[in-house]
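The values are calculated or read from the model by the stated rules, or taken from the named source; none is laboratory data. A quick note: this is a predicted structure, and the numbers were derived from the prediction, not measured. We place every Cβ from the backbone using ideal geometry, glycine too, and count neighbours over all the protein chains shown.
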Amino acid sequence: MLFDRLDVKKAVPGAAPAILIIGGAGGVGSIAIQIARALTDLTVIATASRAETVAWVKEMGAHHIIDHSLPLAEQVAELGLGAPAFVFSTTQTDRHLDEIAALIAPQGRFGLIDDPAVLDVNRFKRKSVSVHWELMFTRSIFDTADIAEQGKLLNEVSRLVDEGILRTTMTEQYSPIDAANLQQVHTTIESGKARGKIVLSGFDAAK
């Protein structure tokens, strides 16, 4: 999303060199914050709404934290940075779409990974904002000509982890993989209160 789709190394004329990551405390947001801090010069703004998630997002490296339970555009404006060039929405995109359209810079680039029932992109036309919808399996599903890029990305992430530049985002682990633990994890994720990545591991061989 960051480098292939949003092309964050390419500046948006007149925009603040900043990225807003919506859902900063989730598994994807947590790693996106770290990657943006480690590999770009962008100012990283992330959303979180509870004391524990605010602390987590700060630990991941966000420069600024705003509350996604409140209007986003006003909070971004109050930072005094200007309109950010990039917005990456990891969750509840339909809920925040009007605010994203209001706060993003003209000619900015907007990316999302969740699955809103309806996504009305007409509101982005006035600003000529490009919209990028990423699915990590697209290359493998369609056996694209650049399928090898997926392996390169994974190798690069592995290197960054090995060098201590990126850290794990795992916050909870459940074992074994069974119906009860699966239900527990889904309940946590569906509550919208998950922090980092929740891992299920190990099948119960006896069952």
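Descriptive notes on the structure:
- Helices (runs of 4 or more DSSP H) completely within region 133-207 that count 1 or more residues being touching a residue at least 24 places away in the same chain (Cβ under 8 Å) and under 22 Å from the mean Cα position of the chain (by Cα): 148-162
- Enumeration of residues in region 1-31 that are of a type outside the set (A, V, I, L, M) and assigned to a loop (DSSP other than H, G, I, E, B): Phe3, Asp4, Arg5, Asp7, Lys9, Lys10, Pro13, Gly14, Gly23, Gly24
- Selection count where residues are over 12 Å from Ile198 (Cβ atoms) and either surrounded by 14 or more Cβ atoms within 10 Å (Cβ to Cβ) or of a type in the set (Asp, Glu) (or both), scope region 162-175: 5
- Qualifying residues in region 105-124 (those that are among the aliphatic types (A, V, I, L, M) and free of Cβ contacts under 8 Å to residues at least 60 places away in the same chain) - the one farthest from Ala73 (Cα to Cα): Ala117
- Leu112 meets all of the listed conditions (1) over 20 Å from Gly196 (Cα atoms); (2) within 16 Å of the chain's Cα centre (by Cα) but one, namely (1).
- Test for Leu6: is it within 21 Å of Leu72 (Cα to Cα) and either crowded, with 16+ Cβ neighbours inside 10 Å or at pLDDT 95 or above (or both): yes
- Ser140 being surrounded by fewer than 18 Cβ atoms within 10 Å (Cβ to Cβ), among the small types (Gly, Ala, Ser) and not assigned by TED's automatic domain parsing to the domain that holds Gly23: yes
- The combined condition, being small (Gly, Ala, Ser), touching a strand residue (DSSP E or B) at 6+ places or on another chain (Cβ under 9 Å) and surrounded by 12 or more Cβ atoms within 10 Å (Cβ to Cβ), is not fulfilled by Ser201.
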